[in-house]
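The values are calculated or read from the model by the stated rules, or taken from the named source; none is laboratory data. Quantities reported herein were computed from a predicted structural model and do not represent experimental measurements. Side chains are part of the model used for accessible areas, which takes the heavy atoms of the whole protein and leaves out ligands, DNA and RNA. Shrake-Rupley method; radii C 1.70, N 1.55, O 1.52, S 1.80 Å.
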Amino acid sequence: MSEGDSVGEAIHGKPSVIGRFFTRLGQIYQSWLDKSTPFSAMRWIFTILLIVIYMIRVYLLQGWYIVTYALGIYHLNLFIAFLSPKVDPSLLEDTDEGPELPTKQNEEFRPFIRRLPEFKFWYSATKGVVIAMVCTFFDAFNVPVFWPILVIYFIMLFCITMKRQIKHMIKYRYLPLTHGKRTYREDT
């Protein structure tokens with residue numbers, strides 16, 4: 001390939017109009033994502049609103065249950081990754097590589113680091129809802145299924161997965177839902 005043959009470049013090596021447009025669009029999008037980072041409550045309210053709109057659309061259209069089931073499974077996987085530690089203590093039992101979570105009262109406190117950070121959890125969940133919403137505009141994704149079976153199967157899968165995750169939390173003594181770092185009150 002010569003210098004001007006790469007995607008988005010004109011013959012003389014300068015970016016084409018289309019390339020500059022999409023680059024600028026990506027920069028604006030990233031700027032809005034960066035600005036939304038400190039507002040976690042507002043981000044989650046927006047995502048929940050999107051989910052409600054999606055559910056209303058599926059209810060009114062009476063279809064796309066397979067897409068909804070796939071979205072539920074995707075959100076369940078994201079949630080499990082959000083609750084899991086970055087370094088799984090069950091894999092570190094026999095080796096001394098990397099930090100471990102404290103297992104005794106007198107051990108040093110090490111902060112809980114998630115496998116999936118909150119922002120990435122929100123971003124992936126929101127993208128999943130948007131993709132599922134787009135799928136509802138195409139009849140190819142409207143596979144006829146008996147939806148009560150999917151609901152029962154999802155509930156069973158959720159209960160089994162959460163039971164396993166809670167047992168893992170109890171066994172390795174970590175709680176992923178703490179907020180902020182510990183603060184100590186000074187007695188004067």
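First compute the accessible area of region 115-165 with a 1.4 Å probe, then give the percent of it belonging to carbon and sulfur atoms.
Using a 1.4 Å probe with all protein chains present, region 115-165 comes out at 78 percent carbon and sulfur.
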Added length on full extension, which subtracts the Cα-Cα distance from 0.36 nm per residue, Tyr123 to Met162
11.8 nm
Given backbone amide H placed at 1.01 Å from N, residues whose amide H is under 5 Å from that of Arg114, ignoring those fewer than 5 places away on the same chain, are Lys86
Once phi is turned into θ = phi - 60°, what whole-Hz ³J(HN,Hα) does the Karplus curve with 6.51, -1.76 and 1.60 give for every residue of region 134-141, x standing for Gly and Pro?
5, 4, 6, 8, 10, 5, 4, 8
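Given the Cα-Cα distance of Val134 and Ala81 and 0.36 nm per residue of separation, how much length would full extension add, in nm?
Going from the current span to full extension adds 16.6 nm.
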√(5λ) per eigenvalue of the Cα gyration tensor, region 16-78, largest first, Å
30, 18, 12
